[in-house]
Amino acid sequence: MKPAPFEYIRPSSIDEVCALLAADEDARLIAGGQTLVPLMAMRLARPSLLIDIARIAELTFVHDEGDEIAIGAATRQCLVEHDAIVRAKLPLLAKVMPFIGHSATRARGTIGGSLANADPAAELALVAVTLGATMTYRDWTDTRIMPASEFFVGAMETALPRTGCLVGVRFPVWRESRIGIGFHEVSARRSDFAFASAAAQVAFDENNVCTRLSVAVGAIASVPKRLDSVEKALQGRHMAEDQIREAVEEAVAEIEPLSDPHASAEYRRRVAATLAVRAIMDAFGSVRDTHAR
Amino acid sequence: MSAREFRYVSSDRRVREDRRFVVGKGRFAADIALQGMRHGALVTCPHPAARIVSIDKLDARSMPGVHCVVDGHEVAAATEPLPAGLDTPRVQRRPLAVDVARYSGEWVAAVVADTRAQAEDAAEMVRVEYEPLPYVLDGEAAYQAGSPPVHADHGSNVLLDRSFTWGDVEKDFAESPNRLAVRVKWGRSSTVPVETFSVVANWDPWREILDIYASVQMPKYPDQLSAVLKLPMTSVRVHYDVDVGGSYGVKRGIKHAALVGYLARRLGFPVRLVEDRLENMRGGDAHGPERLFDVEVAFDDDGVIRSMKMRALDNVGAYAGRSPFQLGKPIGAIVGPYRIRSVQYQAIAVTTNKTVQEAVRAFGQSPTNYAIERTIDAVAYHLILDRLEVRRRNLIRHDEFPYTIPSGTTYDSGDYHTVIEKVLARAPYDGLIEERNSLRKQGFLAGIGLAACLEPNGGNSSFEPLLNPKITTTTWMESCRVSIEATGAITASVNTTSSGQGHETLVGTAVGEVLEIDPDRIRVVRPDSLNAMPSNSPVGSRMAIMLGGAAFHAAQKLKNKLLAIGAHDLNIPLERAVYADGEVFEKESPQNRRSWQQLVNIAHRNYHLLPKGFEPGLSESHILQVPTGGQLPTADGRVQMYPCFSFEFHVLLAAIDPDLGKLAIRKYLVGHDCGTVINPKIVRGMTMGGIAHGIGAALYEEFAYNDEGQLIAQTFMDYLLPSAHEVPPVEIIHHATPSPHTVFGQKGSGESGYLGAPAAIASAVNDALSPLGIFVNQLPIKIAALGDMIAAAREARKSK
Amino acid sequence: MRVDLDINGERHAVDVEPRTSLLDCLRDKLAMTGVHAGCEHGVCGACTVLLDDAPVRSCLMFAVQADGYAITTIEGLARGIGELAPIQDAFCETHGMQCGYCTPAMILAAHALLLKNSAPTRDDIVEAISGNICRCTGYAQIVEAIALAAERMRGLNRPQDKP
């Protein structure tokens, strides 16, 4: 399983990267390579040129920008996993990081690499959609911004143009003082691609009324799906599992799940609903327990 | 037989092989770099069945670094067909397909280039024109007349369809108040070692020797290679000192070595083929049984089973290798540990357009154990009796050994009831039941799994003449030579390859035990096939018994010789001479003694002091025939299969999240009786590793195919191997019922754990599902399928 | 392409095609055959080496990407000729292997864990080796080896109560 031959170049600036991408339509970016290299080994991907962006300084950062945390696209997952700012300001992202692949793949794999790969089961894509993150990319000399809801268009497909290079992602920070998070995924083995996943971030007032809710399900459709109707239904209400379940099941019924040898569509739909309920209840539980009245 | 006191046997010694592995100095086949060596890569067929219309090698040949591109015709012209076990001469197998490719992934051409990458580049440029043919994938469908025959000349897809009746089955069925039928399916999985099959071949035309370095575990490998390559066996030198990165049965590699051997001879330089994972999964011919069982039992109201009918239909894939014999070996333990007195057994092997099977750990016994245990549970459920109690009532009792089962095999020894009681006490079983009930109250589907299974060991190929009367093999031997050099240093030989079983440690321990010398002082050497003594490889969990036995006897011959030399030199009758710790002394006057070096000197240098007629030197060997072996089957198909029978009893507690279908093993105990344990670290490792394999086969691993005949699980992303997360802690409870047939009372343990874990896990799942009134009758039990089953059952209950 | 690699503290200059993996470079160009190929698609972990003390899959890196890191292979762990590092000796003590094929990778993963965590729990150990597949042992004796190594290494350099 040796890749087909290719050229390799390691530019030191994003401008160079964009110029190279524009010049060769068979050129591809490589950052961590954890998904690209297996594809190349199986000769399913055959770039003529690999443009290595792993060490471009402009692309590796975690910045606290107040209302948002900005993370550079080439920032390795292990750095984000252990970052203090992320832990403090993006609890949902911090919770999800250990579920991505194995520690050995997080040592090399990048935030941007996972997002640009857009695997339906990718945890980072789910968090990006749940929190309404914003992607920033360069296309030749232009810098463009795109919300996560528009970024993921299909299985392994993003709205990035061929000549585009993701440079960063911004996750909004919730200012509420009482925030709970929940995340669940189901796979055959611990670190496999999920069959279904759900993420939730919920803000509560002092009376444990939900003031704000973001919930999304992943791995069951070609892209992560925000459950807008659930968010509307539960905003301003107390948490009651029956109501949550009813709202979630109604929302999930609208989704056409994938079916494959690993899991049927019914399984995905049913389990996504279960996990979404559990994620929301976890969010509630974590707040209720720490701020007990 | 009471427990014996040993000096080295059973003591907790380190495994000496470990030392080279922890520093990365194992010598695996892919580590072998010969000067001038080039590399092979394969061209594979994408269709499940196709006529090969043409192979255009022109573009490939002109690629950088390429030395040759060969196809099936060229190789077939220079070789004999690969050996098969059954009498099926019209089912011919070649390293590269000839005219017809019969499964997706079959090798149709090979490229040799300076690097593996260049060989792959060229392989892509080989243009094969195919004409797709009808194909069949399902075993039952292949059994039907009219299914497209995988081998047109053979006429049908049936390789084997043989029925045996031992005892008066119909009478026993007629006289029993109850009967029930069970159908279970064992899914296609395999042991999938982390190292793929790798082989280096080098032809020396001046000495006329073909050197083979291979990651191989195969009996009669040089024999078969020489036959296929049309070389005298004295021109084939297989290097047994290559470390093998796991095999568990499957690394037979005959087509790989035949191909590479041919290429090396044609090209005049060494050629190496290291299967990549895709080649291995699709075309390495190392899949395992895919078996459908129909079992019917006749039993009384107490759950005592009188008679059993079993039909086993195995989908062996596109060619017959040795794998159909995996339907024969279980005949030697066809009733498991139970006192069933008559049996009817039908063994069916069919070809389909799937990858070829190879011998998988325990050679068909684990699927058979699964079928037997599922049936026992079914009887218990039917009569609403406790599953443990039904087992207790049917198990062969300690005082009934040696026990001859209807198919003619005699079990050597066992104390199944004691092992079970030990495990239940340790659990404790009542505690498990409480925990299960508590889990159920918390909303889990929780179940306790039980499996009482035999591990036949010692090997013996009596299934060969049983299933193919043209074969008259009744010899199944193993050898060891022990030598003491002039300086007093000791060497002992292992005459085959090892893949982690610790054979060097085994031999050192056995020889040290006999000679009463620290095993670490004994150098274990590995000859190659030109200077090795006969061996039949570590198959059938045989080496503790056979290599241990051969080493023991060879060492014993040396000890006797030393005793005789000492007595002679001390001028005392032999009866008054005592051997202890390498010295010989006079019993009543121990100050009269000869030291080790003195004895050695006499043997090597002082011919005038040797007893009359003695050969000089100190080198003895022993070739051991398998105990209890040596007979052909009777006319009604009765024969002694393996000599020794280890026993394992698994108890586990599993909890299934009903909404997700996700199973977690909360507790796992296994009682294990393999007689005298020669090295506790090795035996424990075997059992734990076997359980991990069993967990894989039960819950995660499957070579799944789609309807288009494509293997879906081609990589480790879809063929799921248990990681450390998926294997829970297991407590092993020991018991030792020594075997009367072996030198230390040892039985084998190379297949332990794997023989009972799948049955036990299936049993736990069914216990967990029983409140819903549903059962799972196939393996693997995958999470989403289980989730769907549970959801459907709950839905059905709701609507009632 | 030429690339300078820092392996076990020594500099090696190699000339490789860009497509040569770090795994193949170590094995074929530098004769460091302790690192093994198991799947070449990043799942089995047999190809594990350390990059700045973190385990990575060397089959998923090209050699041309690997300059500028401190690479550690199994060959870099042994203390001296014929001398085992404590972690290696612990694996021998518990027989944390059988065929030995996954062993160098397991030991490196264990070594990386113990560099960061001198008192790992069983869960910590299992998590640390969960990216390394073993088909022989069922993992029990591997987990025990790592726990034993941790215990022994914690005890080193402490005053001995008894001789």
- Please work out the C-alpha center-to-center distance from the stretch B:523-554 to the stretch B:434-500 and express it in whole Å. 15
- Query: When Lys and Arg each count +1 and Asp and Glu each count -1, what net charge do the other residues less than 11 Å away from B:E296, Cβ to Cβ, add up to?
  - Reply: +3
- Considering Cα pairs under 8 angstrom that are at least six residues apart, work out the relative contact order of the stretch A:7-52 and quote it in whole percent. 57
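How much FRET efficiency would the formula 1/(1 + (r/R0)^6) give for B:T234 and A:A4, where r is the Cβ-Cβ distance and R0 is 60 Å, rounded to 0.05?
About 0.85, to the nearest 0.05.
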- Message: Using a 10 Å cut-off around each Cβ, can you sort B:L721, B:L711 from fewest to most neighbouring Cβ atoms?
- Response: B:L721, B:L711
- Task: Take each of the peptides B:657-664, A:9-16, A:26-33, average the number of other beta-carbon atoms within 10 Å over its residues, and list them starting from the highest.
- Result: A:26-33, B:657-664, A:9-16
- Query: Given labels modelled 7 Å from the Cα in the Cβ direction, how far is it in nm from B:F269 to A:W140?
  - Reply: 4.9
- Would you calculate a helix-derived [θ] at 222 nm for the protein assembly as shown, using -39,500 (n - 2.57) for each DSSP H run of n ≥ 4 and dividing by the full residue count, to the nearest 500? -8500 deg cm²/dmol
- Query: Taking R0 as 51 Å, what's the FRET efficiency between B:A564 and B:L34 from their Cβ-Cβ distance, rounded to 0.05?
  - Reply: 0.60
- Task: Compare the peptides B:319-325, A:211-217, B:384-390 by average per-residue count of other Cβ atoms within 10 angstrom and give them in order, highest first.
- Result: B:319-325, A:211-217, B:384-390
- Query: In whole Å, how far is the Cα centre of the stretch A:54-124 from that of the stretch B:297-344?
  - Reply: 55
- Expressed as a whole percent, how much of the Cα-Cα distance distribution for chain A exceeds 31 Å? 29
- Debye, to nearest 20: dipole size of the protein assembly as shown, +1 on Lys, Arg Cβ, -1 on Asp, Glu Cβ: 2040
- Query: Quick one: which of B:370-379, A:241-250, A:52-61, B:13-22 comes out on top by average Cβ neighbours within 10 Å, and what's the full order, highest first?
  - Reply: B:370-379, B:13-22, A:52-61, A:241-250
- HN-Hα couplings for the stretch A:139-144 via Karplus (6.51, -1.76, 1.60; θ = phi - 60°), in whole Hz with x for Gly/Pro, come out as 10, 6, 9, 8, 10, 10
- Item | Farthest toward positive dipole pole in the stretch A:7-52 [+1 Lys/Arg, -1 Asp/Glu at C-beta], among A:L44, A:V17, A:A31 | A:L44
- Query: Which whole number gives the average count of other chain Cβ atoms within 10 Å of the Cβ atoms across peptide C:18-31?
  - Reply: 3
- Message: Need one value for A:233-245: mean number of C-beta atoms belonging to other chains within 10 Å of its residues' C-beta atoms.
- Response: 0
- Note on the structure: Per-residue average of other protein chain Cβ atoms inside 10 Å, peptide A:30-36 -> 3
- Item | Under 12 Å from B:K470, Cα to Cα: aspartates and glutamates that are on another chain or at least 8 residues apart | B:D87
- Can you tell which of B:I691, B:C674, B:L653 lies farthest toward the positive end of the dipole of the stretch B:648-712, using +1 and -1 charges on the Cβ of basic and acidic side chains (Lys, Arg; Asp, Glu)? B:C674
- Under 12 Å from a label point 7 Å along Cα→Cβ of A:E65: give me every residue in the stretch A:173-187 with its amide N that close. A:173
- Note on the structure: Expressed in Å to one decimal, the Kirkwood Rh of the stretch B:390-440 from all distinct alpha-carbon pairs is 13.0
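Which entries in B:K57/B:K251; B:K230/C:K29; B:K747/B:K782; B:K441/B:K667 show an alpha-carbon gap greater than 28 Å?
Where the Cα-Cα span goes over 28 Å, the pairs concerned are B:K57/B:K251; B:K230/C:K29; B:K747/B:K782.
Give me the net charge for the shell around B:E17: Cβ to Cβ below 10 angstrom, other residues only, Lys and Arg +1, Asp and Glu -1.
Details: positive: B:R14, B:R16, B:R19, B:R20; negative: B:D18, B:D243, B:E504.
Neighbour charge sum, excluding B:E17 itself: +1.
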- Task: Work out the length of the dipole vector of chain B about its Cα centre, built from +1 on the beta-carbon of each Lys and Arg and -1 on the beta-carbon of each Asp and Glu, and round it to the nearest 20 debye.
- Result: 820
- Task: Treating only the Cβ atoms of Lys and Arg (+1) and Asp and Glu (-1) as charged, compute the dipole magnitude of the stretch A:179-292 about its Cα centre; round to the nearest 20 debye.
- Result: 220
- Note on the structure: Relative contact order of chain B (C-alpha contacts under 8 Å, at least 6 apart) in percent is 15
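Determine, for B:K255, B:K667, B:K798, the number of other Cβ atoms within 10 Å of each Cβ, and report the residues in order from fewest to most. Can you show the working numbers first?
Details: B:K255 23, B:K667 19, B:K798 7.
With the sparsest Cβ surroundings first, the list reads B:K798, B:K667, B:K255.
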- Item | Cα-based Rg and Dmax for the protein assembly as shown, where Dmax is the largest Cα-Cα distance (Å) | 31.7, 108
- Query: In whole Å, what are the Cα extents of chain B along the three principal axes, biggest one first?
  - Reply: 95, 72, 51
- Message: Restricting to Cα pairs below 8 Å that are 6+ residues apart, what does the relative contact order work out to for the stretch A:59-171? Please round to a whole percent.
- Response: 28
- Item | Unit Cα scatterers, Debye sum, the stretch A:7-52: log10 I(q)/I(0) for q = 0.19, 0.24, 0.25, 0.33 Å⁻¹ | -0.56, -0.83, -0.89, -1.24
- Task: For each of A:S103, B:S619, count neighbouring Cβ atoms within 10 Å of the residue's Cβ, then give the residues from fewest to most.
- Result: B:S619, A:S103
- With unit charges on the beta carbon (Lys/Arg positive, Asp/Glu negative), name the residue among B:I522, B:G508, B:M543 whose Cα is farthest towards the positive pole of the charge dipole of the stretch B:502-557. B:M543
- Query: What trypsin sites (Lys or Arg not before Pro) in the stretch A:103-156 are in a loop by DSSP, with at most 16 other Cβ atoms within 10 Å of the Cβ?
  - Reply: none
- Cα centroid separation, the stretch A:142-200 to the stretch B:661-736 (Å): 35
- Most fluctuating residue of A:M135, A:M42, A:M239 in a GNM of chain A with Cα springs under 10 Å: which is it? A:M42
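Values in this text are rule-based calculations from the coordinates and carry no lab data. Fair warning: this is a prediction, and the values are worked out from it, not measured in the lab. Methodologically, a virtual Cβ is constructed for each residue, glycine included, from the backbone with ideal geometry; neighbour enumeration extends over all protein chains shown.
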